[in-house]
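Chemist: Could you have a look at this structure, given as structure tokens, before my questions?
Please treat every number below as a calculation from the coordinates, not as lab data. These figures come from a predicted structure and were not determined experimentally. In this analysis, Cβ positions are derived from the backbone assuming ideal geometry, glycine residues included, and neighbour counts consider all displayed protein chains.
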Amino acid sequence: MFGRKRSTRSEEAEAYARDAHAEASIEEDEAQYRSRDSIVGSTFIAENGTRKVLRRRPPLLEIDDLNVIFGENQVLRDINLKIRRGETVAIIGESGCGKTVLLKTMIGLVAPTTGRVFFKGNDLATLSDKELTETRAHYGFVFQMAALFDSMTIAENVAFPLRQHRKEMSRREVAERVEFLLEEVGLNPRIVSNKTPSEISGGMRKRVGFARALAMDPEIMLYDEPTTGLDPIMSDVVNELMISARDRHKVAGVLVTHDMKSAVKVANRLVMLYPHSMLSAEQPQMIFDGSAEEIWRCEDSRVSQFIRGEARDRVRDMSMGK
Amino acid sequence: MNDRNQNETTLRDKIIGQVSKMGRAISTRVALAGNLAVFSTSTIFWLFAKPPKKETLISSFFNIGVLSLPVVMLTGTFIGMVLAVQAFPQFKVIGMETRIGAAINLSLVKELGPVLAATMLAGRVGSAIAAELGTMRVTEQIDALSSMGVNPIHYLVAPRFFACLILIPGLTLFADLMGVIGGAFFSIKLLGVDWSYYWEYSRHTVAMFDVFAGMFKSVFFGGAIALICCHQGFRCGAGAEGVGKAATSSFVLSFVAILFLDLLLDVFLDQIQTMVFGTRGSVM
């Protein structure tokens, strides 16, 4: 029995070695991929005549026919989205269109009413409490208001995920890592380390939140309106940090924002959502999915209205309860 | 004719409106109870699955135990004295003022000690827990914990629940002790009851089982307070108003739960006592 187990492992290892090649063919095998719950495999005959399973690496994050309904209020309808490794996707749209809800379903903070969310091929809804907790350690989440723990100092906040998950790190190693992370986001560790979140400015808090999200070397960063409420210079600092996370750390990213400048600068791909309440039953909620160049050429008037920031008849529409 | 029809329709609408309102209220409450049950199960699961971290336990123990002690002791003292004031004239009328100690101490250890210690805990610690966790919910700190792969029930609720469960018998004991001292001081020093009779009758009437019964009940009160208050904090609505509401409702719900559990446990413990020790002794 032991021997059999070992041979299965070696097959897996061999199959894993083909991953790089396999990932490229994910798009072609989408139908097959969808028919399975988590890991996709196709049987093939190897050179020595044995049957083997080629495991394909699923996309980093995949959202499948997602619907979210709160009480009687439908927020998201039939959303399908894939995030590949290393790419940064900006989800844009006006307030109340469900961007943040979509972001929170990606990490399981909001449960889908119907539909599924996969992280590396694992359906978040089927994971146990413990597995979900472990999976989330691969994410970095930057909250709109930073969400720093106000009972802790800045250094303790950044060290928090390390203390929870990296038991093998000594106090000194943690302190060094915290110092490195704070410097990385442009903060002087000697000045801010021992302050509490209430003693520093909004821009600094946001950057501390950024450092905390980076602490665990995540595979995907989720940004919830990271530039909202910041001055133009600080907004651009945050943009640069997101670009550096993407390029230097090779982290995938999902950026929820209504700041077009930030979306265009940071993201490789833009996705636009439209408020569900303003759509008819047959209109899709995702009204744009493409690159920054394409969005400027998009002929959909709803898209051009948003990217140019035009009110048009919105005041009249809103007063009529639309 | 038309008028009558219209009247009937409005009456029917009114009735339907009322029924649906009632239905909604009931379903909300049933959902809340179910939600609390799931929350409680999850808390107990996490308590055993992974013991709470030392640093979270220490701060919970300090906050719930050490900081609550003065107020619980103060309440106990005053209740002991108030009992003496209230009971003395009644006992004096029938010439039995020497037995006042039995009445004071029995009601203290069985009822007032545990219930008042629990009420003070719900007021001092419970609403603070609800407000603290509510603020953490509103400012997304609870979501931040989840997003970092830390289960908020394990990190925030389990230590508070454990601390309440472990510490409330001790707090009850201190409330009992101060109540006994307060009652005795008032009866003997100020009302002039003979001290040897006072203690003798007390000793005869109050059994160890009564002290145990009080502490046993308090464990349930402590658990209920922690779960209700943490749950209220976790499901806190938006903004300052939501936090305020969570704090208020956590106290009200805890208090109702304490009284309800008290009744149930009294019936249960009474049966046990009768079964084990036979008929109960009386103050007289």
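Chemist: Which entries of A:104/A:206; A:120/A:265; A:261/B:245 show an alpha-carbon separation above 29 angstrom in the structure shown?
Modeler: Beyond 29 Å between Cα atoms: A:261/B:245.
Chemist: Would you calculate the separation in nanometres between label points at residue A:243 and residue B:264, each defined as 7 Å from the Cα along the Cα-to-beta-carbon direction?
Modeler: 6.2
Chemist: Now, a different point. Quick one: if the Förster radius is 22 Å, what FRET efficiency do residue A:201 and residue A:151 give, using the C-beta to C-beta distance and rounding to 0.05?
Modeler: 0.65
Chemist: A further question follows. Compute the acute angle (0 to 90°) between the alpha-carbon long axis of helix B:195-205 and the principal axis of greatest extent of the alpha-carbon atoms of chain B; round to the nearest 10°.
Modeler: With rounding to tens, the tilt is 50 degrees.
Chemist: Based on C-alpha coordinates, I'd like the Rg and Dmax of the range A:164-321, in Å.
Modeler: According to the Cα coordinates of the range A:164-321, Rg and Dmax are 19.5, 61 Å.
Chemist: Convert 20 °C to kelvin, take the viscosity as 1.002 mPa s, use the Kirkwood radius over C-alpha pairs of chain B as Rh, and evaluate the Stokes-Einstein diffusion coefficient in µm²/s, rounded to a whole number.
Modeler: Once the numbers are plugged in, D ends up at 100 µm²/s.
Chemist: If you don't mind, another one. What percent of all Cα-Cα pairs in the protein assembly as shown falls into each 20 Å bin, going from 0 up to the bin containing the maximum distance?
Modeler: It works out to 16, 38, 29, 14, 3, 0, in whole percents.
Chemist: Restricting things to alpha carbons, tell me how big the range B:18-160 is in terms of Rg and Dmax, in Å.
Modeler: Reported Rg and Dmax, both Å: 21.9, 69.
Chemist: Under a point spin-label approximation (7 Å from Cα along Cα-to-Cβ), what is the residue B:94-residue B:25 distance to one decimal in nm?
Modeler: According to this spin-label approximation, the distance is 4.3 nm.
Chemist: Can you give me the Cα centroid spacing of the range B:1-51 and the range B:138-195 in angstrom?
Modeler: The range B:1-51 and the range B:138-195 have Cα centres separated by 33 Å.
Chemist: Turning to a different aspect of this structure: Take every Cα pair under 8 Å in the range B:148-284 that's 6+ residues apart, average their separations, divide by the length, and report that relative contact order as a whole percent.
Modeler: Once divided by the residue count of the range B:148-284, the mean separation gives 28 percent.
Chemist: I've got another one for you. In Å, what is the Rg of the alpha-carbon atoms in the range A:279-322, and how long is Dmax?
Modeler: Gyration radius and largest Cα-Cα distance of the range A:279-322: 12.4, 35 Å.
Chemist: Would you mind getting me the FRET efficiency between residue B:35 and residue A:131? Use the beta-carbon distance for r and R0 = 25 Å, nearest 0.05.
Modeler: That gives a FRET efficiency of 0.65.
Chemist: Report the full-extension gain for the segment residue A:280 to residue A:65: residue separation times 0.36 nm, less the Cα-Cα distance, to one decimal in nm.
Modeler: Length gained between residue A:280 and residue A:65: 75.6 nm.
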